[in-house]
Each structure stands twice: as structure tokens, then as C-alpha cells.
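The values are calculated or read from the model by the stated rules, or taken from the named source; none is laboratory data. Note that the structure is a prediction, hence the values are computed from the model and not measured. For neighbour counting, all protein chains shown are included, and Cβ atoms are generated from backbone atoms with ideal geometry for every residue, glycine included. Surface areas here come from the heavy atoms of the whole protein model, side chains and all, with no ligands, DNA or RNA. Shrake-Rupley method; radii C 1.70, N 1.55, O 1.52, S 1.80 Å.
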Amino acid sequence: MDHKLEKILARVQKPGRYVGGEYNAVVKDRAAVDCRFAFCFPDTYEIGMSNLGLRILYGVINEMDGVWCERVFAPWGDMEEAMRSEGLPLYALESGDPVKDFDFIGFSLGYELAYTNVLNLLDLAGLPLRAADRPDLTPIVVAGGTAMYDPEPIAPFVDIVSLGEGEDVTVEMIQLYRKAKKEGWSKAAFLRQAAQIPGLYVPSLYDVKYHDDGTVAAVTPREGAPAVVTKRIVTDMNQSYYPAKTIVPSTEVTQDRVMLELFRGCIRGCRFCQAGYVYRPVRGRDCDLLVKQGIEACQDSGYQDMTLMSLSSSDYPDLLPLCDGLLEWCQPRKVSLALPSLRADNFSMGLMEKLQAGGRKSGLTFAPEAGSQRLRDAINKNVTEEDLLASCRTAFEGGWSSVKLYFMLGLPTETDEDVLGIADLANKVYYTWKTYSTNRSRGIRITVSTSCFVPKSHTPFQWEAQNTMEEYLRKVTLLREHMRNKSITYNWHDPETSFLEAALSRGDRRLADVLETAWRNGAKFDSWSEYFRLQTWLDAFAACGLDPAFYANRERGKDEVLPWSMISDGVKTSYLWKERETAYEGKITPDCRVKCTGCGANKLCEGGVCRV
Amino acid sequence: MSDQRILFRKTGTAKYISHLDLMHTMERAFLRAGISIRHTQGYHPHPYVSIPLPLPLGFSSDCEILEFGLVEGSTIETLPAQMNRALPSGIEVLDCYDGGLAFKKLTFVRYDITLEFETEQAEEAAADFKALMGRESFVVQKRSKKAKSGFTEVDIIPLVEAVEEVRSDGVFLYLTLLLKAQNPGLNPDVLLQGFRSEYPGLNVIYTACHRREILDDNKAIYR
């Protein structure tokens, strides 16, 4: 290990996250590779190592001969300070080599509040922030992840944006680069060719013009770049890469367990949910394959916990046989199985009993999202009060005594009546417990949490205004006044980060200046309360002559050119608009298994047919 | 049937695995290696792994011991190789054996300590260190979870069994010390902090502590 690094590590918190060396970390011979890929996760090691996408792409890239993928995470403040004062540039964990010498620097961006960390990492690597100031072929800075469905705020800093699932397109991009490197292409020539690969968006090949009112006038592609870039997907999940053999951190991380991915996409179509749209169409893995992969992953890692992952696990058609198949192996070996993301409408007591056999009963969590049936219909969250109360009744009869309920405030069409519906629903859960609990002496804990709705791109609510922070807090106060039951605890999420998230998630390219200004004034780790300061951002917006409310709190017109109009997830914009109108009519849209409503994502599948 | 022990080395990147994380790492390594080990009895059974003398974070060691109970999937002869394929970089199992001396017999630890100075102060520091060790008593403040003030006083001198080597070389000072292991033991960091505050003119920029050997009450190798 580098002696300078050893000296630094002696004085920072949790040094284990800065050294690599974990079981299954991939170390290749520098002389045997011609392409080095630094996979950067712009958050801490503990968060980044909990990300399944990182583990998949790390495995996929390292399976390529001649290519070495390594990991980079954002150093915490004490480490960053020590690195800067000792002059130690950002390095990759596997080799310890400086990131600036890599061929690719790839960022995984799942949330907008990580943007400042991207700038911070580029700076720590010793690279110019703006793509235009990095004229050479090496390094190429690429970004992917869910936040990239509106990549515009970060666009001037990256060379390429990879849209959708990266298993195939990353390999194609790397192969093109190796050819370019071998043949000595210029960066411009490489980017022109990269823009021809489906799923790769090259921001520098698009000119954006604005109206005087700040809305986008036109987005014009240049040099043969496509007018619309459509995301990539893995069409057959049974054939896709699963990281059964994956890094096992030697220090504790947030998700320290086997993550078994049941399916991608979601049949439900909740209108507020970006994931429900951008991961379309739904594609599952076969039950037998999952059992095999789950067992392999446990055996290779030594993990004693497994989580079944998906956007809505109770919608997996073979959930019971899958759990049976896994439990048959897990139970005698004392491996525990966790099943989050269950819906309140098809909660199965039998299943819960099975999963928790012998263990302590953990709390139950449901997300009705809205307090009234009218609003739940408007957002297409097809959960009825009867469903929820019936599930609670089953749980209370089975001895559970703790329920968490998650809601959003500020959803489109929301009235004060809907807000008070949350208190009403919580009370009904309480009375359900009073009536059906098998052990009332233990009491009941009902926790109600609200967050501030953030309208996201590529959803039917992408045109909506977010509630102002004042309006959200007014609703919080209203709700608090109506939650007087001692068994009910009410927590509300602070609206400041939601406001910033709303401004960034539907932003245009002009926000790059705001990002850079905020970063220069100290913004980083914005998703961490230790670091987040809204004032830094308000100052940055003001310094750039922009108004965050223009992005967060303004309703867009049907004909407005949206800043992300060159990006497609396969779902037609006309479909989103129709869904928006259906929301305002308070009508629901059936899920994909009941009836195909023609969103357009089927075109991404082979033969143009979804296999739901 | 008696329990088993492994003797292992912890160096390189593994220095930064804390005691608690090391226990988890070992439990997982046993599972990865296909070795089943004894679980504790009781309401929440868990795999039994026990380390008699936890190694402070950042220290390296050639002589760590972990006790466990081998149930099946290996033998004491094949276990080291099996485990070494399942362990992270920097942890290496050197030996596996039945039984072993009682934990309370672990009495002394031989540490190799390196101090690095900003300038060529090692020679001066060597003299200072010897002088300090020659005192009758040297009381330092030590952080304590039990004491109300958060600190407790400890006399270092009786806890240093022997100063086996003091060698200076430019900016480096090398010490080999035999320290009491437990009841009470002495963490060399406490000694070094006391030394540094006693001689504030010495500008130490880095220290490294390495456990070379552990000994029983007769100063024979402890296993």
C-alpha cells in the first residue's frame, strides 16, 4: 500500500472503506489490459457497495478480456480533506492507481442530489470539470442510472450518457473505444461514432436554444446524432448476467446481504412513480433459475441474509414456489429471507409466517401513498382501504403490533380533505388493531410518514408543479393537528431536499452553472443532512440568474419542449399525457397483466410483445 | 470434543478491518469454505467464534488467534488452505490445531513499533524513550468508557515487561517491546501518546504497530 495513503488512513474514520482488498475484488495484471474502467459511485462506500447495478456492471466489464473495471467511491469529508492536504489524487480501490489515468470514468447516478459529488470526484481526480476542457480521447467520462432520464443539468460535465440497462451497451461502448484508441482517433471522432450506438446520448452533439421566458425552444442534434435516444434494456432476464460471485465487503455496508433480483419493470403504472415507467416493460426471471442463483450467491459470499428485490415483489407470479424453493435451502442453514416491497392488497399471512419462522416479528410497512380513495385512484395506486385494513387485520391477528404507513403530500389534485384522509386511515388502522389484535397488552405502534411529492420526468406528472415548501408545511401542520392518538407517531420529511430534487430532476442544461457554483461554494453529499445546506443552492441559483421555482413549482404546458425531449424510455409522451388526463378524471388504468393499455414500451421487446 | 483454533496473520489492507467486522468476515469465510462450525446454545444461536485478544484497528499482526468449533467440512490439516481461498486479501491462516492454552494464560505481547519523524529526530527520540522507560513510574491519561470523566489514569511502567530493542535510523525509530497483554494490558498507542506528550519537541508523522508474538506467563509462545 502507498505510504502516503497509510499515513492518511491513520487519522480518518472507518479507513477500511478506502483500501479495497475484499473477497472477490477483481485484480488484473496491468500489462494484460488495454482498457481501464473506473466505476465511480458518487456516494460513500457503504451506500455504493449496496447498489446492485454496480455489482452487475463490475462483473460484466471484468468478464471482458483486456479490460479491468475498478471501483471508486466518494471519500467522506475527513478523508477528502486529508487527500487534498497531502496531495493524494483520487484513486481506484483495486489498484490504487490515479483515476485520471483511466480510459473510462463511469458514474452511476441514481439520484440528483449526488450531482455535486460527481464534480467533487472529477476535481479530486485532478481533471477539468467540463467535457469541453478535456480535449483528449482519454479519459472518457460517462454517466448512467435513473437520474439520467433528464441528464441535462449534468450534461456539460460528461462526454456520454448511457440510458437504461448497461449490460450490453457498456460492452459495445468499450469495444468502440478500444478500436478508437488503437487507431488513434480524436475524441470528437470517437464521440460521433458512439452517438450511433443505440442508448448512448452524447450531449455535446446537441444544441439547445431557449425562449425568452426560459423554456426550451429547440434541441437540435448535429453530426448525425439521432433526434431521440432510446434507452437500452436486457430483453431476456434468464440470459442476463447475475453477479452470483460478487465482492463481499470486509466492513459493514448498508445492504450487507445477497440481493436477488426477481424482475425488472412493474406492471402497476402508479402515475407518480418514475421507476414504474422508465424500467418498462416488466421482465422476470424464471423461478428455478432464481432459486439456483440465490443459493449460489449465498454459497459464494457466506452471507446469512438474502433480500428478494424488485419494484413490487408480490407481483412476481411464482412468489410462493420461489420462497419455498429458497427456504428449503435457507432454513436448515439459518439463512434469513427478506421480502420488502409487498403490496397491501395481496399481503399473504402464510408467506410472512414462513419467512419469519423462528425469528422475531419485524414491523410491517405499507405505502398507501395517499389518504383518500379518490386521490389513490388519481395516482393509480390501486390499493383500497378495504385491502389495507384487511391486510392489517390479518397481521394483527397473527401477532404483529407495529405498522408503518408511507404517504406523499402535494400529489396532483390533492385537497385538504385528501390530506385529512391520512389521519382518518391511520385511525382506522388503530381501530382494526383494537378489534382484532390477539395481544392487546403489548400495545400498537403506528408510524405515519409523509414526504413531499417530487414530480419526475417520464411520468404522467412530468408537467406538474411541485407544492411550494410553505404549502407542504401547511399540510403537515394540518395533518399534525388531526393526529392526536398516542399510538400514532407522525414523521414528516423535510421539504428542502425535495425542493432541490424537484428543481434538478426536471432541469435544463443551464443548471450546470448552478451545480458548479454550488459545488464551488461547498455543496457536496447533498443527500446527507450533515452536509446539505439549501442556502448554498439558493445563492447559486441567484448567482446564475435562475430561479429554482421555475423548475420545481411551475406547471408546464402540453406543447412545451421539455429539456429531456431527446431522451426516450420507450413510453410515448402522448401516453403519459393521456394518463395525466385520466388522473384528473380520477380514473384508474388497469395493470399490464389485466390489459395492455399501449404505452409503447412493448417495442423494446423482441417481436414487439411484452411477456408480462 | 474440544474446540479448535486457527493462528492467522492480519496485514496489508486487512489492517483496517475492525474487530467486530473481522468476526463477521471469519464467519462468512467459514461458510464460503464449506466448513460448518459450532453454534452457541440459547434463544438466538449464532456461530461461535472467539478472539482472545482483539487487535486494535490499523495494527498488523503475525500471531492472531481465533477459537471455533469444527463440526464438519474440513480437518485441521486441510483447513488452512481451504480458508485461505475464502479470505479477503491480507488475512492468512497459518495453522489450525485442537485445544490450546486457556485465554487467561495469554500474558505478554511482543510488539514491533515504527515511529516516523518529520525530520531526523530518531536518535534524540531513542534517548528520550530510554529515559522515559527508566523512570519509576509514568502515569498517563487513558480514555475510559467506565470512568465518569471519560478518562482514567494508568501507570505505564509496570505494564512494560521489557524494552527489547531501541534502534534509530534517520527519521525512523524502531522499538521492540514486550507489553502486558491483559488484566490489565497495555495498548502501545497509549504508551506512544504518553511518550509524544512528554516530548512535544518530537514531531511524529506516522506510527505503525505490529504484533510479532504472543506469550504465556512463562514467556513461552502462546497457542
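A DSSP coil position with no more than 13 other Cβ atoms inside 10 Å describes the following trypsin sites (Lys or Arg not before Pro) in the range B:113-143: B:Arg135.
Taking 0.36 nm per intervening residue step and subtracting the Cα-Cα distance, what contour gain separates B:Ser2 from B:Glu198 on full extension? Don't jump to the answer; show the numbers that get you there.
Numbers: separation 196, 0.36 × 196 = 70.56 nm, distance 4.79 nm.
Gain on stretching B:Ser2 to B:Glu198: 65.8 nm.
Less than 16 Å apart at the alpha-carbon level, and either on another chain or at least 8 residues along: which lysines does that give for A:Lys404? Reachable lysines: A:Lys361, A:Lys428, A:Lys486. The residues of the range B:1-136 have, on average, 44 Å² of accessible surface per residue, using a 1.4 Å probe with all protein chains present. Taking a straight Cα-Cα cut-off under 13 Å and skipping sequence neighbours fewer than 8 places away in the same chain, the aspartates and glutamates within cross-link reach of A:Lys292 are A:Glu261, A:Asp300, A:Asp324, A:Glu328. Note down the relative contact order for chain A as a percent, whole number, built from C-alpha pairs under 8 angstrom at least six residues apart. Contact order relative to length: 14 percent. Residue pairs exceeding 18 angstrom between C-alpha atoms, taken from A:Lys28/A:Lys245; A:Lys209/A:Lys524; A:Lys381/A:Lys587; B:Lys15/B:Lys180: A:Lys209/A:Lys524; B:Lys15/B:Lys180.
Per residue, the range A:183-238 exposes 45 Å² of solvent-accessible protein surface, assessed with a 1.4 angstrom probe and all protein chains in place. Taking label points 7 Å from Cα along the Cα-to-Cβ direction, A:Lys354 and A:Glu63 give a separation of 3.0 nm. For chain A, the share of accessible area belonging to carbon and sulfur comes to 50 percent (1.4 Å probe, ligands and nucleic acids excluded).
Tell me the carbon and sulfur percent of the accessible area for the range B:1-125, rounded to whole percent, probe radius 1.4 Å. The partial results should precede the final answer.
Numbers: 2780 of 5370 Å².
C and S fraction of accessible area: 52 percent.
Each Lys and Arg adds +1 at its Cβ and each Asp and Glu adds -1 at its Cβ; summed about the Cα centre, the protein assembly as shown shows a dipole of about 1840 debye. Here the simple spin-label model places points 7 Å from the Cα toward Cβ, and for A:Ser85 and B:Lys146 these points are separated by 3.5 nm. Partner shielding of A:248-257 amounts to 4, given as the average count of beta-carbon atoms from other chains within 10 Å of each residue beta-carbon. Kindly identify the range B:155-223 as rounded, prolate or oblate by the Cα gyration tensor criterion: order the square roots of the eigenvalues as a ≥ b ≥ c, call it rounded if a/c is under 1.5, otherwise compare a/b with b/c, prolate if a/b is larger, else oblate. Judged from the Cα gyration tensor, the range B:155-223 comes out prolate (a/c at least 1.5, a/b above b/c). Compute the distance from the alpha-carbon center of the range A:370-417 to that of the range B:98-137, in whole Å. First find each Cα centre; the distance between them is then 64 Å.
For the listed residue pairs A:Lys475/A:Lys578; B:Lys10/B:Lys104; B:Lys104/B:Lys148; A:Lys4/B:Lys145, the alpha carbons are over 25 angstrom apart in A:Lys475/A:Lys578; B:Lys104/B:Lys148; A:Lys4/B:Lys145.
If a spin label sat at a point 7 angstrom from the Cα of B:Glu153 along the line to its beta carbon, the backbone N atoms of the range B:197-216 nearer than 18 Å would be those of B:197-198. Note on A:Thr468 and A:Leu289: their simple-model spin labels are 5.2 nm apart, each label 7 Å out from Cα toward Cβ. Around the amide H of A:Trp492, modelled in the peptide plane, lie the amide H atoms of A:Thr450, all under 5 Å away and 5 or more residues distant in sequence or on another chain.
Counting only C-alpha contacts under 8 Å and six or more residues apart, can you give the relative contact order of chain B as a whole percent?
Once normalised by length, the contact order is 26 percent.
Separation of the range A:1-66 from the range A:133-205 is 22 Å, based on Cα centroids.
Of all chymotrypsin sites (Phe, Trp or Tyr not before Pro) in the range B:17-91, which ones are in loop regions per DSSP and have a Cβ with at most 15 other Cβ atoms within 10 Å?
Working: sites: B:Phe30, B:Tyr43, B:Tyr48, B:Phe59, B:Phe68; in loops: B:Tyr43, B:Tyr48, B:Phe59.
Those satisfying the criteria are B:Tyr43, B:Tyr48.
Can you give me the Kirkwood hydrodynamic radius for the protein assembly as shown, using every pair of distinct Cα atoms, in Å to one decimal? Display every interim value, and only then the final one.
On the way: mean 1/r = 0.0334 Å⁻¹.
Hydrodynamic radius (Kirkwood, Cα only) of the protein assembly as shown equals 29.9 Å.
What average count of beta carbons from other chains do you get within 10 Å of the Cβ of residues in B:9-22? Mean number of neighbouring Cβ atoms from other chains: 5.
Specify whether the C-alpha gyration tensor of the range A:492-612 places it in the rounded, prolate or oblate class, a ≥ b ≥ c being the square roots of the eigenvalues: rounded for a/c under 1.5, otherwise prolate if a/b is larger than b/c and oblate if not.
On the way: a/c = 2.24, a/b = 2.21, b/c = 1.01.
Note, shape of the range A:492-612 comes out prolate.
For the interface of chains B and A, what total accessible area is buried with a 1.4 Å probe, rounded to the nearest 100 Å²?
On the way: alone 11730 and 24540 Å², together 34320 Å².
Chains B and A together bury approximately 1900 Å².
Computed with a 1.4 Å probe over protein heavy atoms only, the accessible surface of the range A:6-51 comes to 36 Å² per residue.
In this structure, B:Ile221 and A:Ala188 have a Cβ-Cβ separation that, at R0 = 60 Å, corresponds to a calculated FRET efficiency of about 0.35.
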